[in-house]
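Participant: Quick one: the structure is below, questions incoming.
The values are calculated or read from the model by the stated rules, or taken from the named source; none is laboratory data. What you see is a predicted model, and the numbers here were worked out from it, not measured in a lab. Counting neighbours? That spans all protein chains shown, and the Cβs are built from the backbone with ideal geometry, glycine included. In case anyone asks, the SASA skips ligands and DNA or RNA and just uses the protein heavy atoms, side chains included. Shrake-Rupley method; radii C 1.70, N 1.55, O 1.52, S 1.80 Å.
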Amino acid sequence: MKILIINAGSSSLKYQLLDMTNEKLIAKGNCEKIGLNDPIISYKHDGKEEIFEGAKTHEEAIKKILNILVDKDKGVIKSFDEIGAIGHRVVMGGWLYRESVLIDEKVIKDVEALSDLAPLHNPANAMGIRACEKVMPNTPQVVIFDTAFHTTMPEEAYMYAIKYEDYEKFHIRKYGAHGTSHRYVTQELAKVLGKDVSEVKAITCHLGNGSSITAIRNGQSVDTSMGLTPLQGVVMGTRSGDIDPTVVQFLCSHKNQTVDGVLNYLNKECGLLGVSGVSSDHREVTKAAEKGNKRAELALDLLAYSVKKYVGMYMAILNGADAIVFTGGIGENSAEAREQIVENMENLGVILDKEKNNNFKRGQIELISAPNSKVKIYVIPTDEELMMARDTLNIVKNLKKSK
Ligand code: AMP
């Protein structure tokens with residue numbers, strides 16, 4: 001079966017078409033600047049990339065993408081009927097959704113209602129779903145929630161110590177994010193360890209533009225660094241990560257800003273970008289640090305230090321781990337970041353093989369710990385779209401069986 005994966009943002013819509021008979025990617029791209037000036041659609045397949053005129057609405061974007069996919073000359077499928085199902089990424093499933101589900105009107109309404117907790121993402125995600133429903137009304141659709149994997153966290157991990165009544169009334173708690181990525185690398189880790197997923201005890205570090213660290217016990221998330229929103233946790237590309245809430249009040253009064261203004265600043269102007277003053281991009285900051293830029297060096301130190309702290313916390317929570325996993329753009333590609341994070345942890349049984357860490361073929365699973373390291377260290381490339389397609393396939397297969 002071929003499955004279309006959709007990741008809809010407010011002005012973009014990323015897509016991937018996968019063939020699930022061999023789990024191979026057929027085509028992918030992004031519809032950018034929807035409703036803005038000069039919108040475009042990128043389309044990559046068989047090592048080629050083409051650019052098409054974009055769309056004014058999400059519905060138009062879906063229509064255009066489908067038309068490109070079935071185009072007689074440039075397309076990769078013959079008709080829409082070849083697409084057996086569509087899987088949608090939804091950022092916030094709150095406390096309501098513990099796993100991926102088949103879409104019906106109630107699910108869409110819930111996604112919209114949860115917008116309060118993810119105002120930048122859920123409305124756009126819902127828009128993508130509604131657009132697909134209109135254009136492909138007979139194709140089953142599935143939602144994959146970023147938060148679902150973290151719904152196994154125990155109360156003491158997800159609660160903030162605020163008034164219990166407020167937690168109950170407003171659902172203020174930790175939900176986490178990147179769940180699909182943490183779940184994917186956990187499953188891949190189980191395979192390389194030769195264990196059942198339910199036996200995996202690990203710390204997974206998804207380090208990209210946005211980053212989160214997760215503690216995995218019995219193959220399940222028992223704590224994660226992101227919170228009510230993705231602002232909490234480690235230092236990221238443009239996000240500050242953990243901060244004393246009083247900083248918000250301080251900035252409001254000293255910079256004469258609103259709370260919304262300061263939250264925007266903490267989300268978009270801080271992290272690597274804010275400290276280095278160079279870029280939010282880890283590569284750029286690394287280059288600047290290598291040329292002697294002290295602020296860039298400091299930004300990288302802050303990032304690595306914040307990740308190390310979470311790894312240490314989770315080692316304590318899990319009473320040691322079988323493995324530490326690095327994934328995401330930085331986790332998979334930056335040998336320097338990985339080395340900085342795990343250095344000086346020998347007494348916790350974490351010993352890096354520096355040679356292996358520096359030299360291995362990118363894009364594959366790699367063991368980078370020394371043979372005498374009690375805790376194995378792996379680099380595992382993430383593939384959130386494949387995880388989403390696997391979920392979609394499983395749900396649709398069961399649907400067909402029960403018919
Ligand atoms: P992601 O959000 O997972 O796409 O990751 C984006 C981040 O990965 C950016 O900060 C990139 O600079 C970083 N990244 C990608 N490739 C490399 C690389 N070769 N070395 C260091 N960082 C990289």
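Participant: Go through the range 192-198 residue by residue and turn each phi into a ³J(HN,Hα) via Karplus (6.51, -1.76, 1.60, θ = phi - 60°); whole Hz please, and just put x for glycine and proline.
Facilitator: Values per residue, Gly and Pro as x: 6, 7, x, 10, 6, 3, 5 Hz.
Participant: Shifting gears a bit: On C-alpha positions alone, give me the angle between the axis of helix 384-402 and the longest principal axis of the chain, in degrees, nearest 10.
Facilitator: 50
Participant: Does anything in the range 49-66 have its amide N under 20 Å from the 7 Å Cα→Cβ label point of ILE40, and if so which residues?
Facilitator: The answer is 49-58, 60-66.
Participant: Could I ask something else about it? Find, among the trypsin sites (Lys or Arg not before Pro) in the range 44-137, those assigned to loop by DSSP (not H, G, I, E, B) with at most 13 other beta-carbon atoms within 10 angstrom. Working shown, then result.
Facilitator: On the way: sites: LYS44, LYS48, LYS56, LYS63, LYS64, LYS72, LYS74, LYS78, ARG89, ARG98, LYS106, LYS109, ARG130, LYS134; in loops: LYS56, LYS72, LYS74, LYS78, ARG98.
In loop regions of the range 44-137 (DSSP not H, G, I, E or B), the sparsely surrounded trypsin sites (Lys or Arg not before Pro) are LYS56, LYS72, LYS78.
Participant: From a point 7 Å beyond the Cα of SER198 in the direction of its Cβ, which residues of the range 66-101 have a backbone N at a distance under 20 Å?
Facilitator: 98-100
Participant: In nm, to one decimal, how far is the modelled label at GLU269 from the one at ASP242, with both set 7 Å along Cα→Cβ?
Facilitator: 2.5
Participant: Rounded to the nearest 20 Debye, what is the dipole magnitude of the range 178-290 about its Cα centre when Lys and Arg each give +1 and Asp and Glu each give -1 at the C-beta? Spell out each step's value before the answer.
Facilitator: Numbers: 10 positive and 11 negative charges, 39 e Å.
That gives a dipole near 180 debye.
Participant: I've got another one for you. With +1 assigned to the C-beta of every Lys and Arg and -1 to the C-beta of every Asp and Glu, and no other charges, what is the dipole magnitude of the chain about the Cα centre in debye, to the nearest 20? Working shown, then result.
Facilitator: Values: 50 positive and 53 negative charges, 105 e Å.
Taking the Cα centre of the chain as origin, the dipole is about 500 debye.
Participant: Compute the helix-to-body angle for 294-318: its Cα long axis versus the longest principal axis of the chain, expressed 0 to 90° and rounded to tens.
Facilitator: Tilt of helix 294-318: around 90 degrees.
Participant: Tell me whether the range 1-130 comes out rounded, prolate or oblate; compute the Cα gyration tensor, take square roots of the eigenvalues as a ≥ b ≥ c, and use a/c under 1.5 as the rounded threshold. The partial results should precede the final answer.
Facilitator: Values: a/c = 2.29, a/b = 1.39, b/c = 1.64.
Oblate shape, in that a/c is at least 1.5 and b/c is the bigger or equal ratio.
Participant: If you take the square roots of the eigenvalues of the alpha-carbon gyration tensor of the range 56-199 and sort them as a ≥ b ≥ c, do you get rounded (a/c under 1.5), prolate (a/b over b/c) or oblate? Can you show the working numbers first?
Facilitator: Details: a/c = 2.94, a/b = 1.48, b/c = 1.98.
Taking the square roots of the gyration eigenvalues as a ≥ b ≥ c, the range 56-199 is oblate.
Participant: Please figure out what share of the DSSP beta bridges in the chain is antiparallel and state it in percent, rounded to the nearest 5. Each step should come with its number before you reach the end.
Facilitator: Working: 38 of 57 bridges.
Percent antiparallel among DSSP bridges in the chain is about 65.
Participant: Rounded to the nearest Å, what's the spacing between the alpha carbon centres of the range 260-303 and the range 46-81? Just the number, please.
Facilitator: Cα centroid of the range 260-303 versus Cα centroid of the range 46-81: 37 Å apart.
Participant: Which sequence of SER373, SER10 reflects their accessible areas, 1.4 Å probe, from the largest down?
Facilitator: Heavy-atom accessible area, descending, gives SER10, SER373.
Participant: Spelling out what I want: for every residue of the range 271-286, take phi, set θ = phi - 60°, compute 6.51 cos²θ - 1.76 cosθ + 1.60 (Karplus), and round to whole Hz; glycine and proline get x.
Facilitator: Along the range 271-286, the couplings run x, 3, 4, x, 6, 6, x, 9, 6, 8, 7, 4, 4, 5, 5, 4 Hz.
Participant: A follow-up question, please. To test your reading of the geometry: what angle, between 0 and 90 degrees and rounded to tens, separates the Cα axis of helix 259-268 from the longest principal axis of the chain?
Facilitator: 90
Participant: Once amide H atoms are built 1.01 Å from N in the peptide plane, which residues 5 or more positions from HIS88, or in another chain, come under 5 Å H to H?
Facilitator: Sorted by chain and number, the residues that satisfy this are ILE6, VAL142, VAL143, ILE144.
Participant: Just going by the charge dipole of the chain, with Lys and Arg at +1 and Asp and Glu at -1 on Cβ, which of LEU348, MET313, LEU13 is farthest out on the positive end?
Facilitator: LEU13
Participant: Okay, next question. Provide the FRET efficiency to the nearest 0.05 for the PHE80-GLU343 pair, computing r from the beta carbons and using R0 = 41 Å.
Facilitator: 0.20
Participant: Arrange the residues LYS174, LYS356 by how much accessible surface each exposes, largest first, with a 1.4 angstrom probe.
Facilitator: On the way: LYS174 15, LYS356 75 Å².
Result, largest first: LYS356, LYS174.
Participant: Quick one: among ILE213, ILE83, ILE129, which has the greatest mean-square fluctuation in a GNM of the chain with alpha-carbon springs under 10 angstrom?
Facilitator: Comparing ILE213, ILE83, ILE129 in a Gaussian network model of the chain, the most mobile one is ILE83.
Participant: Please list THR147, THR258, THR382 in order of solvent-accessible area, largest first, computed with a 1.4 Å probe with all protein chains present.
Facilitator: THR258, THR382, THR147
Participant: Right, here's the next one. With the cut-off at 1.5 for a/c, could you classify the range 211-329 from its C-alpha gyration tensor as rounded, prolate or oblate? Mind showing how you got there, number by number?
Facilitator: Details: a/c = 2.49, a/b = 1.32, b/c = 1.89.
Cα axes put the range 211-329 in the oblate bin.
Participant: What chymotrypsin sites (Phe, Trp or Tyr not before Pro) does the range 146-229 have in DSSP loop regions with at most 16 other beta carbons within 10 Å? Could the numbers behind the result be given before it?
Facilitator: Numbers: sites: PHE149, TYR158, TYR160, TYR164, TYR167, PHE170, TYR175, TYR184; in loops: TYR160, TYR175.
Here the sparse-neighbourhood loop sites are TYR160.
Participant: Please identify every one of the trypsin sites (Lys or Arg not before Pro) in the range 247-344 that sits in a loop by DSSP and has no more than 16 other beta carbons within 10 Å of its own beta carbon. Walk me through the numbers before you get to the answer.
Facilitator: Numbers: sites: LYS255, LYS268, ARG283, LYS287, LYS291, LYS294, ARG295, LYS308, LYS309, ARG338; in loops: LYS255, LYS291.
Sparse-neighbourhood loop trypsin sites (Lys or Arg not before Pro): LYS255, LYS291.
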